[in-house]
Amino acid sequence: MFDFMFLVFSAACIGTALFVAFTPNVVHAAVSMAGTFFSLACLYLLLGADFLAITQVAIYVGAILVLMLFGIMYTHNIARISGEQVMMQIGGGLILAGVTLFVLAAAVLSTEWPVQEIGPPAPTVDRLGVQILTDYLLPFEVASILLLVALVGAVVIAHTSIPRREGEKS
Amino acid sequence: MIGLPHFLIVSALLFTIGVFIIATRRHGIMMLMGVEFVLNAANLNLIAFSRYGEAGTRGQVFAIFVIILAAAEAAIALAIILSIYSHSARINLDELQSMKE
């Protein structure tokens with residue numbers, strides 16, 4: 001059952017990612033990317049990472065993807081939505097991707113991975129919480145400051161760029 | 001029997017697709033999607049190692065930080081792309097040769 005679920009979700013993940021890579025329409029690509037993120041969340045569940053699976057759906061599908069859809073709709077004239085995003089350098093891209101895949105796959109397949117018995121997955125939320133607030137407290141605080149800076153920075157960069165309607169006061 | 005190498009191969013495929021998107025697409029937001037794929041491939045690796053390796057939940061803590069950084073990066077990059085678009089009405093990165101003017 002585990003093997004079957006793994007095959008289904010990894011095929012869904014790779015298939016939707018390939019669709020993103022080759023579809024000419026940006027909106028279709030964004031919606032297909034939601035499928036990639038969902039199947040990745042299911043793979044995380046198969047690996048026993050329950051908290052991260054929920055986080056993946058909430059942050060990627062709920063926040064980043066919606067942000068990207070807003071970006072697409074702000075920057076696109078809907079009438080010519082598939083006209084200008086041509087793919088270029090497909091040959092070079094294929095060579096680069098092939099070399100990358102070859103190197104990574106060779107590294108994975110040529111390594112002797114230690115085989116050890118793994119028990120049934122246990123809930124991870126309590127252990128994650130304890131670790132974040134003890135061993136990783138400093139990175140956690142730095143990450144919260146980073147998020148604050150990114151939020152303020154994004155507002156500062158973008159607030160003049162959203163086109164205003166005629167006659168509207170700033 | 002599905003084990004660690006299978007997850008690593010899926011992650012390598014996802015990474016490769018992300019690199020391919022970054023290399024071939026000329027649309028600003030599409031390149032962002034490629035970057036997200038690369039980061040997700042790294043996350044899948046981290047979580048697979050935290051399950052099958054000896055890292056315990058530390059791999060998952062790293063994955064959480066990667067997700068935080070990805071969120072911040074997406075917000076900033078989209079703000080920059082919107083700003084460039086309102087400045088020059090272009091989204092195709094090949095047509096944007098210079099940062100100023």
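The values are calculated or read from the model by the stated rules, or taken from the named source; none is laboratory data. Because the structure is a prediction, the values reported are computed rather than measured. Counting neighbours? That spans all protein chains shown, and the Cβs are built from the backbone with ideal geometry, glycine included.
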TODO: Could you check how many residues of region A:72-105 are of a type in the set (Ser, Thr, Tyr) and modelled with pLDDT of 85 or more?
DONE: 1
Open item on the list: If A:Ile54 meets every condition in (1) crowded, with 16+ Cβ neighbours inside 10 Å; (2) within 15 Å of the chain's Cα centre (by Cα); (3) closer than 27 Å to B:Met1 by Cα apart from one, which number is that one?
Closed with: (1)
Open item on the list: Condition first: in contact (Cβ under 8 Å) with a residue 60 or more places away in the chain, at the interface with chain A (Cβ under 7 Å from one of its Cβ atoms) and not in a strand (DSSP E or B). Now tell me which residues in region B:13-36 satisfy that.
Closed with: B:Arg26, B:Ile29
Open item on the list: For region A:15-29, give me each residue that is assigned to a helix (DSSP H, G or I), surrounded by fewer than 22 Cβ atoms within 10 Å (Cβ to Cβ) and at pLDDT below 90.
Closed with: A:Phe22, A:Val27, A:His28
- [ ] Kindly establish whether B:Thr24 is hydroxyl-bearing (Ser, Thr, Tyr) and either within 20 Å of A:Asn25 (Cβ to Cβ) or in contact with a strand residue (DSSP E or B) (Cβ under 7 Å, 6 or more places away or on another chain) (or both).
- [x] yes
TODO: Might you let me know whether region B:62-74 holds any residue that is of a type in the set (A, V, I, L, M, F, W, C) and under 15 Å from A:Leu69 (Cα atoms)?
DONE: yes
TODO: Could you please find all residues in region A:106-125 being part of a helix (DSSP H, G or I) and at pLDDT below 90?
DONE: A:Val108, A:Leu109, A:Val125
